[in-house]
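The structure appears right after this line, and notes come after that.
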Amino acid sequence: LLRPAYELVFNPIEALPKWRSRYGNTFTVNRFGTPMVITGDPELIQQIFSVTDTDVFAASIPETADIVMGRNS
């Protein structure tokens, strides 16, 4: 249960390509009990970043991430 979260935090450069080859372009990783969907599909990425209605799509990023990445990153 914790291994995917550990790999995502400490070894993403090896973990993400391995998961993509095993599960395809879009897959779900358990992040400490919270499912996180990861995609490398360009069309899905464009759809995600094109949504302006936060009721439809809202990322779950802690408020402290705003300091590093900026409020509208």
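In the chain, counting only helices (runs of 4 or more DSSP H) that sit wholly within it, the ones holding 3 or more residues that are at pLDDT 80 or above and among the charged types (D, E, K, R) span 12-23.
Within region 1-13, residues that are in contact (Cβ under 8 Å) with a residue 24 or more places away in the chain and closer than 11 Å to Phe32 by Cα reach partners that are open to solvent by less than 60 Å² (accessible area, probe 1.4 Å) and polar (S, T, N, Q) with beta carbons closer than 8 Å, at six or more positions or on different chains, in the pairs Leu1/Asn30; Pro4/Asn30; Ala5/Asn30.
Please go through region 7-57 and give me each residue that is of a type in the set (Phe, Trp, Tyr) and loosely packed, with under 13 Cβ neighbours inside 10 Å, ordered by number.
Within region 7-57, Phe10, Tyr23, Phe32, Phe49, Phe57 qualify.
The values are calculated or read from the model by the stated rules, or taken from the named source; none is laboratory data. It should be emphasised that the depicted structure is a prediction, and the values quoted were computed from it without experimental measurement. Heads up, the Cβs are rebuilt from the backbone with ideal geometry, glycines too, and the neighbour counts pull from every protein chain shown. These accessible areas exclude ligands, DNA and RNA; they are computed on the full protein's heavy atoms, side chains included. Shrake-Rupley method; radii C 1.70, N 1.55, O 1.52, S 1.80 Å.
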